[in-house]
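As structure tokens, the structure follows; a few thoughts come after it.
Computed from the coordinates by the stated procedures, all read-outs in this text should not be read as laboratory data. Note that this is a predicted model, so its numbers are computed, not measured. Glycine gets a Cβ as well: all are built from the backbone with ideal geometry, and neighbour counts include every protein chain shown.
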Amino acid sequence: MNNLINKKNLLLDLDGTVYQDLESVFGQVSKLMTKYISEKLNVDLKKAKELQTNYFYKYNTSLNGLMIHHDIPPKEFLKYVHDIDLSFMKKDLVLREELENLDMRKLIFTNGSTDHAKNVLSHLGIDDLFENIFDITDAEYQPKPEPKAFDLMTKKFDLDPSETIYVEDIAKNLSIGKERGCTTVWLINNEEWGKMESEKDYIDYKIENLSLFLKELRLLKSN
């Protein structure tokens with residue numbers, strides 16, 4: 001890990017990365033997506049779920065497919081599907097301590113909305129520790145790992161990829177980060193979509209726990 005000592009930026013994905021209980025959060029989002037598609041396109045829930053899944057796998061987000069094929073208004077969609085209950089989510093004091101004590105810029109790079117990111121980070125008790133958020137609207141609705149999304153992100157953050165550690169739970173999203181010069185870190189998980197391409201050589205590190213990784217990074221930098 002010695003090559004990480006001089007890195008200045010910590011770029012984190014949101015869902016499945018800053019927290020790992022994906023089902024409790026994204027399970028709610030997914031149900032709202034199905035309901036939205038069903039009502040908007042006037043199809044039953046089964047057909048709506050099929051479209052949602054197919055578009056996700058083909059276009060990296062369901063929204064991207066819905067915009068391409070059905071001219072769905074993205075802001076309306078994002079507001080609807082992210083209206084979820086996070087009252088079950090506890091403050092992550094361990095993660096907060098590691099982020100707080102790590103001398104790096106901390107940034108969020110998400111395919112979701114800024115409102116959703118702020119909601120999650122607030123419930124985790126770490127919202128004040130992040131300098132900025134880059135969301136799907138900033139990306140002009142081009143989802144990760146589209147090169148355009150990554151390049152718009154680096155422009156917004158004035159970010160040098162060669163000075164950046166990029167952490168994701170979806171392995172294939174790291175491909176463009178590596179191509180642009182980031183040090184890439186995959187947070188190991190068993191989600192079918194998350195572990196796809198996790199054996200590829202564009203992944204520099206594989207970790208099981210974000211807080212522990214940040215602790216190791218902090219100790220490394222302090223020596």
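Separation of the stretch 85-117 from the stretch 174-223 is 17 Å, based on Cα centroids. Rounded to the nearest 0.05, the FRET efficiency derived from the C-beta distance between ILE188 and ILE68 at R0 = 41 Å is 0.80.
Quick one: among GLU192, GLU208, GLU140, which has the greatest mean-square fluctuation in a GNM of the chain with alpha-carbon springs under 10 angstrom? Comparing GLU192, GLU208, GLU140 in the GNM, the peak value goes to GLU192.
The MET1 and LEU152 beta-carbon pair, evaluated with R₀ = 35 Å, returns a calculated FRET efficiency of approximately 0.75.
The fewest-to-most ranking of TYR202, TYR57, TYR166 by surrounding Cβ atoms within 10 Å reads TYR57, TYR202, TYR166. Shape call for the stretch 51-96 from the C-alpha gyration tensor, a ≥ b ≥ c root eigenvalues: rounded (a/c under 1.5), prolate (a/b greater than b/c) or oblate? Prolate, because a/c is 1.5 or more and a/b exceeds b/c. The order of MET33, MET89, going from fewest to most other C-beta atoms within 10 Å of their C-beta, is MET89, MET33. Among HIS116, HIS69, HIS123, sorting on how many other beta-carbon atoms sit within 10 Å of each Cβ, with the fewest leading, yields HIS69, HIS123, HIS116. Under 20 Å from a point placed 7 Å out from the Cα of LYS75 along the Cα-to-Cβ direction: which residues of the stretch 126-152 have their backbone N that close? So the set is 133-143. Using the Kirkwood radius over Cα pairs, work out the Stokes-Einstein diffusion coefficient for the stretch 24-81 at 37 °C and 0.692 mPa s, in µm²/s as a whole number. Translational diffusion coefficient: 297 µm²/s.
Taking every DSSP helix (H) stretch of at least 4 residues in the chain, weighting each as -39,500 (n - 2.57) and dividing the sum by the residue count yields a mean residue ellipticity at 222 nm of -14500 deg cm²/dmol.
Site pair LYS221 and ASP115 shows an inter-label distance of 3.3 nm when each label is modelled 7 Å from Cα along Cα→Cβ.
Note on GLU39 and GLU23: their simple-model spin labels are 2.7 nm apart, each label 7 Å out from Cα toward Cβ. The calculated FRET efficiency for the pair ASN132 and LYS200, based on their C-beta separation and a Förster distance of 25 Å, comes to about 0.30. Between LYS90 and LYS31, the modelled labels are 2.3 nm apart [label points 7 Å from Cα along Cα→Cβ]. Seen through its C-alpha gyration tensor, with square-root eigenvalues sorted a ≥ b ≥ c, the stretch 122-164 comes out oblate because a/c lies at 1.5 or above while a/b is not bigger than b/c.
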